[in-house]
């Protein structure tokens, strides 16, 4: 089976069909996807804005990151689970979509960005924890986070409109 | 009062027609609507959780609110400006839509609550007692998340 045929099979499964054709399940799942986005990316944005020196400058970087992390992870879990259900119901339509594929490339790049940040400059956070202006690499991680999440939101919305 | 002529007029402004006639303007405006919504709800939720004592407890309520509120207000303005553009392009669809008035009432409530509490929020710790803070936080969450949920429902009802 080709990837497309697998996607067609997923979409045609009874769960996929039920989600797609239900009056309430699809809108509720999609509503949860947007709320998950606001909770996770909203809190990620606060962290990134701290890193680039745009908000919470008086607070320590570790205070902002550590205290927002549960919200970011919880929101991400909500977004991830609802995203799987949305994919389940429309896999064959989503698979060929360029914007959908680009979205996942950027999510992967965001994962790499976060991993690099945590494994390099964040290791020495004690030295710059209270600085309003963080080191260059931390600011870069913040800017990349903001810009790439914007691309993800753009691509996600583009996919819904079937605009390639 | 019959609002139909008003909505009909909104539906036919040059801006409404221009957005409707383009394939891309509406989605692009909606992307910016989502940028605003994400930042608005994210910052509102963090402030509310702090007021409820459920998050960011190493900072005072005042420290959290004074630093995040400008971003909430900016994000709200972006969401409202883009929202007006989206509305103009489909005003008649909104007129007959059951979710739309809900969204407008939640939005109205959210703005009124903001105007009533904004000055005290700047010095929340000294000017609000903990009980009042919790009531404001719950109302704020219900109203702003209500705007988002009712807004999403416009596409489905």
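Give me the Debye-computed log₁₀ of I(q)/I(0) at q = 0.08, 0.10, 0.12, 0.16 Å⁻¹ for chain A, equal point scatterers on Cα only, no solvent, two decimals.
Calculated log10 I(q)/I(0) at the listed q: -0.30, -0.45, -0.61, -0.92.
Using a Gaussian network for chain A with springs between C-alpha atoms less than 10 Å apart, which of these wobbles most: A:89, A:124, A:40?
So, out of A:89, A:124, A:40, the one fluctuating most is A:124.
When you look at the Cβ of every residue in A:56-67, what mean number of other chain Cβ atoms sits within 10 Å?
4
Run the numbers on region B:4-153 and let me know its relative contact order in percent, using alpha-carbon pairs under 8 Å that are six or more apart.
Once normalised by length, the contact order is 33 percent.
Could you give the Stokes-Einstein D for region B:4-153 in µm² per second, using the C-alpha Kirkwood radius, 4 °C, 1.567 mPa s?
79
Below 8 Å between Cα atoms, with a sequence gap of 6+, how large is the relative contact order for chain A in percent?
Relative contact order of chain A: 33 percent.
To the nearest 0.05, how large is the calculated FRET efficiency for residue A:98 and residue B:28 if R₀ is 22 Å and r is the Cβ-Cβ distance?
0.85
Using only the alpha-carbon atoms, how far is helix B:99-121 inclined from the longest principal axis of chain B? Give it as 0 to 90 degrees, nearest 10.
Its long axis makes an angle of about 30 degrees.
If you take the beta carbon distance between residue A:107 and residue A:54 as r and set R0 to 25 Å, what does 1/(1 + (r/R0)^6) give as a FRET efficiency, to the nearest 0.05?
That pair, residue A:107 with residue A:54, gives E of 0.60.
For a distance above 35 Å, tell me the whole-number percent of Cα pairs in the protein assembly as shown that qualify.
26
Other chains near B:38-49: what is the mean number of their Cβ atoms within 10 Å of each residue's Cβ?
6
If each residue's Cβ is checked for other Cβ atoms within 10 Å, how do B:126, A:82, A:22 rank with the fewest at the top?
B:126, A:22, A:82
Could you work out how far helix B:25-51 tilts from the main Cα principal axis of chain B, as a 0 to 90 degree angle to the nearest 10?
Helix B:25-51 sits roughly 20 degrees off the main axis of chain B.
Using only Cα atoms, figure out Rg for region B:1-93 and give it as a multiple of 2.2 N^0.38 Å.
Here the Cα radius of gyration is 1.45 times the empirical estimate.
Since every read-out is calculated from the coordinates, none of them should be taken as a lab result. Treat the numbers as computed from the prediction; the structure is a model and nothing was measured. For neighbour counting, all protein chains shown are included, and Cβ atoms are generated from backbone atoms with ideal geometry for every residue, glycine included.
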